[in-house]
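The values are calculated or read from the model by the stated rules, or taken from the named source; none is laboratory data. Keep in mind it's a predicted model, so treat the numbers as computed, not measured. Here Cβ is always computed from backbone atoms with ideal geometry, including for glycine, and neighbour counts include all displayed protein chains. These accessible areas exclude ligands, DNA and RNA; they are computed on the full protein's heavy atoms, side chains included. Shrake-Rupley method; radii C 1.70, N 1.55, O 1.52, S 1.80 Å.
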Amino acid sequence: MRIGTRGSTLALAQSGQVRRLLPGGEGAHQLKVIETSGDRSPQASLRRIGGKGVFSKEIELELLEGRIDIAVHSLKDLPTEETPGLTLAALLTREDPRDALVARGGLDFASLLPGAKIGTSSLRRQSQVLARRPDLAVQDLRGNVPTRIARVKEGRLDAIVVAAAGLKRLGITQEASEILDEAWMLPAPGQGILALQIRADDRKTAEAVRGLDDGTSRAEATAERMLLSGLGGGCLVPVGARGLARDGRIVLAGFVGHPSGRPSLRATLDGPMAEASDLGLRLAASLLRDGAKEILAEVRSDEIFP
C-alpha cells in the first residue's frame with residue numbers, strides 16, 4: 001500500500017511506525033512524502049496561514065485522487081468535520097497525550113524565572129501557561145521538534161512546550177525537563193493519537209487496517225473532538241480536552257481560555273463510553289453557557305489578530 005505522510009522528522013517516524021504495523025510489515029509498503037501548506041511556510045505564524053486542514057488538505061487530496069491508499073495524520077491536526085469520500089478507518093493506541101516542558105538547565109515549570117521566554121505556536125498552550133504563570137513571556141515558535149529544541153539549547157528561548165508523544169516517537173524523551181500535569185495543562189483534542197484515513201469505499205484497505213483501531217483511543221478522541229466541534233471547531237483556538245476512558249465509562253475535562261491567560265474556563269463531565277459523542281457536545285454546551293462563547297468570539301476577532 002502507498003502511505004501518504006508529511007515530511008517532517010516526526011511525521012516520518014510516525015508513518016514508519018504505521019508501515020511496520022500493517023500486514024506484511026515495513027518492506028511491503030511505500031511512503032510518499034506530501035508537502036502541506038503548513039509545511040511550505042515553516043516560519044510563518046499558523047494563525048496567519050490560518051484555515052482548517054493546514055497540515056492535511058494536500059494529503060487528503062492525494063488520497064481522494066487515488067495516488068495514495070492511506071493517509072497518516074496526527075489526529076490533533078485534523079478538522080473535526082470529516083472530508084466527504086474519506087473516513088478515519090483506524091485510530092491507533094494512544095501515546096502519552098500530555099505536554100512536555102523542555103527548558104535550559106533542566107528546570108521545571110515552577111522554577112522558571114519571571115520573564116522567562118517560552119516558545120509555542122499553540123494558543124491553547126499559551127493560554128494555560130499564562131493562566132498559571134502570568135509573569136512568563138510566551139513567544140510564537142514554529143518548526144519541527146528538533147528545531148524547536150535547538151532554540152532552547154542555543155539560548156534563544158528559556159523553554160518550549162511540545163507534545164510528550166512527539167518526544168517519545170522520536171526517541172528523545174530525555175530532552176523533557178518535566179511532563180506537565182493535566183490538572184492544569186490539558187492537551188489538544190486527539191493529542192497522542194495517530195489516525196489512518198482512507199477512501200470510504202476502499203474495502204480492501206479498510207480490512208487491512210481494521211486490527212489497528214483501538215476502541216479506547218476512539219472513545220476518548222470522539223468525546224474530545226465533539227467537544228471541540230461543539231465549541232465551533234478549529235485547531236488554532238485555545239481549547240484543551242482530555243477524555244479518560246476506563247471500565248466502560250469516560251471522564252471528559254475541557255478548557256477554554258483567552259491567549260492572555262485570563263479569562264479561562266475549565267469543566268468536567270463523565271458518562272458511558274458508548275455516549276462519548278453526546279458527552280463532548282454536552283460539555284461544550286456547558287462551557288458556552290459559562291462564558292466560552294464570548295472568549296472564543298474575541299479570540300477569533302480582528303481585535304486579537306488584525
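Observations
- Probe 1.4 Å, all protein chains present, accessible-area order of VAL209, VAL138, largest first: VAL138, VAL209
- Ordering of 199-207, 239-247 by packing [mean C-beta count within 10 Å, highest first]: 239-247, 199-207
- Out-of-range pairs (alpha-carbon distance over 28 Å; input LYS57/LYS204; LYS32/LYS117; LYS32/LYS153; LYS57/LYS153): LYS32/LYS117; LYS32/LYS153; LYS57/LYS153
- Between the listed residues ALA28, GLY248, THR173, the Cα displaced farthest toward the positive end of the dipole of the chain, a dipole computed from Cβ unit charges relative to the Cα centre, is found at THR173.
- Solvent exposure of the chain amounts to 43 Å² per residue of accessible area, where only protein heavy atoms count and the probe is 1.4 Å.
- Among beta bridges from DSSP that stay inside the chain, the antiparallel ones total about 75%.
- Candidate aspartates and glutamates for bridging to LYS168, where Cα separation is under 13 Å - those fewer than 8 sequence places away on the same chain excluded: GLU95, ASP96, ASP99
- The C-alpha atoms of the chain define a longest principal axis, and helix 9-21 lies at about 40 degrees to it.
- Peptide packing: for 289-297, 277-285, 251-259, the average count of neighbouring Cβ atoms within 10 Å per residue gives the ranking 251-259, 277-285, 289-297, highest mean first.
- Cα gyration tensor shape for segment 175-275, rounded if a/c is under 1.5, else prolate or oblate: prolate
- Within the accessible area of the chain, the carbon and sulfur atoms contribute 49%, probe 1.4 Å, all protein chains present.
- For the chain: relative contact order, % (alpha-carbon pairs under 8 angstrom, 6 or more apart): 21
- Lys, Arg +1 and Asp, Glu -1 on Cβ, resulting dipole of the chain about Cα centre, debye, nearest 20: 500
- Computed over segment 5-162: relative contact order in percent, which uses C-alpha pairs under 8 Å that are six or more apart: 23
- Computed on protein heavy atoms with a 1.4 Å probe, the accessible areas place MET185, MET226 in the order MET226, MET185, largest first.
- Whole-Å distance, taken between Cα centres, linking segment 125-200 and segment 246-306: 20
- Each DSSP beta bridge with both residues in segment 250-306 is either parallel or antiparallel, and the antiparallel ones are about 100%.
- Across ASP108, ASP69, the residue with the most accessible area heads the list, and the full order at a 1.4 Å probe is ASP108, ASP69.
- Prolate/oblate/rounded label for segment 128-205 (Cα gyration tensor, a/c 1.5): prolate
- Whole-number percent relative contact order across segment 82-225, with pairs defined as alpha carbons under 8 Å at least 6 apart: 44
- Helical contribution to [θ] at 222 nm, DSSP H n ≥ 4, -39,500 (n - 2.57), averaged over the chain, rounded to 500: -9000 deg cm²/dmol
- Global geometry of segment 28-174, whether rounded, prolate or oblate, following the gyration tensor of its Cα atoms and the 1.5 cut on a/c: prolate
- Sequentially through segment 79-88, phi angles give Karplus couplings (6.51, -1.76, 1.60; θ = phi - 60°) of x, 6, 7, 6, 6, x, x, 10, 8, 8 Hz, Gly and Pro residues having no value and appearing as x.
- Acute angle (nearest 10 degrees) that the helix 215-230 long axis makes with the longest principal axis of the chain, alpha-carbon atoms: 60
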